[in-house]
Amino acid sequence: MRKLASLIVVMLFLTLAVGAASAQGDPPLVPGPNDTGLYTTVNAAEHADDGRSHVFEYATFGGSLDEDATNTAIVRTAPGFYPGAYNVVTRNENEIFVYYGVYGEVEGATGPAVARLDADTLEEVWNTQLAVYENETAWNYPGVVGMHGNGTLIVVSGNTAAVIDPDTGDIINQVDLPQDDPALGSYNGFVTTSDGTLFTKALFRNCDAEGSVALGRCQDTDATQTLLALDPVTLEIIDQVELPDYSVGRVPAAVHDGVDYVYMPGNDLVYRYRWEDQSLTLDEEWGFVQVTEEGDAGAVAPNVIGNWVFVGVNTLSSKPMPVYAISAQDSSQRYVIQPFADISTRFSFAVAHSAFDPVSGLLITADTGTGYIAGTRFDPESGFEVVWQEEQITSVFMQLIGTPEERVMVTSELTNFPAGPRTPLTTLSAANEQVVFRDAATGRELARTENLPRMTQGSNISPGFGGRVYFIGVDGVLYEITVVSD
């Protein structure tokens, strides 16, 4: 505790103002700790914030959105080896933190590890392994690393949670998370509420398939899940509740009328818990919102932004994917749209959930099976309207960077598929991937890289300082991408 307190005090006095780093200019940003759940920086969390909007408000785009501009994507590689990576976070502008080793199906991924890299040279400063997992003793599946508001790195992965000193890589605290059978469960990340408390839950498998393969092949949806509330310093369990509907997707959190809520993306239902007085209480008044129909495969993790909850549904059939908007104030108030209803498909499914820009009201959704991305405008008074559609197959999360007036979407496009008919399996077995930048308002392509080794499915292209984004391929190489305008 004394070490942690000293660390926070030092960082409070040593944080530096970051100047403009692109043609657009950064919004004012002074990186530093605060009394909320997430550090003040470009990228403290995998999906930007606790509601999972994917809007990285301090991340910039180095290219131009002008119609006649020519943008070029420049790629630089780090010398290190980071197999099975999931996400990258930032603190100060001269450093990044890479969370890797957590897709058990990837060669060389032996368990959760975090490496700090110099953002200018991409050389490694320190590397800390938190656990070494054998398939017989643990399910090695991605959790997450985040930069907590108290100035420490938090990792939840597999059956462990840890607090890491970002200066040295030293493990300040580490605990085993409760599991009936550690070989069958894996905690898939965490979210924080406004007081900094951590919330996490485990997924379960009932076979020995590794990593993300087990998620599709043998997920045990009959297993009993528990939502844990953890102290961000001691990692002690503050409260825990048994979940009434199995939850696959990652957990978002939001504040409504001064009260923290933790939302659960159930297989068929969306529901939530109030977090008050260090206690979790099921919000029975808001209730259980049914979002699936007979034959649907299950709900995707929601985004909770402002007073609305957005959630898509995988159908794994020719039925187009529906996307719901549910009022956080009154769950009976709902809208639904099928952004790809006019596009024929044999199997509709999304690996990653949507991104939502609260400034423009634009919800961006990808249907991996259909092979399209769509931008839909949401109006709380009238519902959804499709603004644009672009043909692009992606299996990673979509990130939004740039100013509110010139928002840019960053995601990937899978390329070089196996020969033969396209199926969900062959779609996710592409050999290569390209990083693509689009004007979020129109879908117009702004820039793209050449072919890179594909990423692991459901992972993140992570924004950094100075217009940089980070892409880590299945080859374990970290690629830094920046866009410049000629």
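Where a number appears in this text, it was derived from the coordinates with a stated rule and is not lab data. This one's a predicted model, so the numbers in the text were calculated from it and none came from an experiment. Neighbour counts are summed over all protein chains in view; Cβ atoms, including those assigned to glycine, are modelled from backbone coordinates with ideal geometry.
Can you give me the P(r) profile for segment 328-394? Cα pairs, bins 5 angstrom wide beginning at 0, each as a whole percent.
4, 17, 26, 24, 17, 9, 4, 0
Below 11 angstrom from the Cβ of residue 190, what's the summed charge of the other residues (Lys, Arg +1; Asp, Glu -1)?
Summing Lys/Arg as +1 and Asp/Glu as -1 gives 0.
What full-extension length gain, to one decimal in nm, is calculated for residue 218 and residue 330 as 0.36 nm per residue of separation minus the Cα-Cα distance?
Stretched out fully, the residue 218 to residue 330 stretch lengthens by 36.8 nm.
So, R0 is 51 Å and r is the distance between the beta-carbons of residue 94 and residue 276; what FRET efficiency does that work out to, to 0.05?
Using R0 = 51 Å, I get an efficiency of 0.80.
How big is D, in µm² s⁻¹, for segment 392-461 by Stokes-Einstein at 4 °C and 1.567 mPa s if Rh is the Kirkwood radius over C-alpha pairs?
The calculation lands on 102 µm²/s.
Can you give the percent of C-alpha pairs in segment 346-471 whose distance is more than 21 Å?
So the portion of pairs separated by more than 21 Å is 38 percent.
Please tell me the relative contact order of the chain in percent, rounded to the nearest whole number, where contacts are Cα pairs under 8 Å and at least six residues apart.
16
Counting pairs of Cα atoms in segment 298-419, how many percent are more than 26 Å apart?
Within segment 298-419, distances greater than 26 Å cover 16 percent of Cα pairs.
Using only alpha carbon pairs under 8 Å that are at least six residues apart, calculate the relative contact order of segment 366-486 and give it in whole percent.
19
Positive end of the charge dipole of the chain (Lys, Arg +1 and Asp, Glu -1 on Cβ, about the Cα centre): tell me which of 99, 83, 418 has its Cα farthest that way.
418
Can you give the net charge of the other residues whose Cβ lies under 13 Å from the Cβ of residue 314, counting K and R as +1 and D and E as -1?
Computed value for this residue: -3.
Tell me the label-point distance for the pair residue 170, residue 486, using the 7 Å Cα-to-Cβ offset, in nm and rounded to one decimal.
5.2
Enter the per residue convex hull volume of segment 236-335, computed from alpha-carbon coordinates, in Å³ rounded to the nearest integer.
Each residue corresponds to 101 Å³ of Cα convex hull volume.
Could you give log10 I(q)/I(0) at q = 0.06, 0.08 Å⁻¹ for the chain, computed by the Debye formula over C-alpha point scatterers of equal weight, without solvent?
Evaluating at q = 0.06, 0.08 Å⁻¹ gives log10 I(q)/I(0) of -0.23, -0.42.
At a Förster distance of 45 Å, what's the computed FRET efficiency of residue 381 paired with residue 126, Cβ-Cβ distance as r, to 0.05?
My answer for the efficiency is 0.30.
Measuring from centroid to centroid over Cα atoms, what is the spacing of segment 406-427 and segment 133-151 in Å?
Each part's Cα centre sits 26 Å from the other's.
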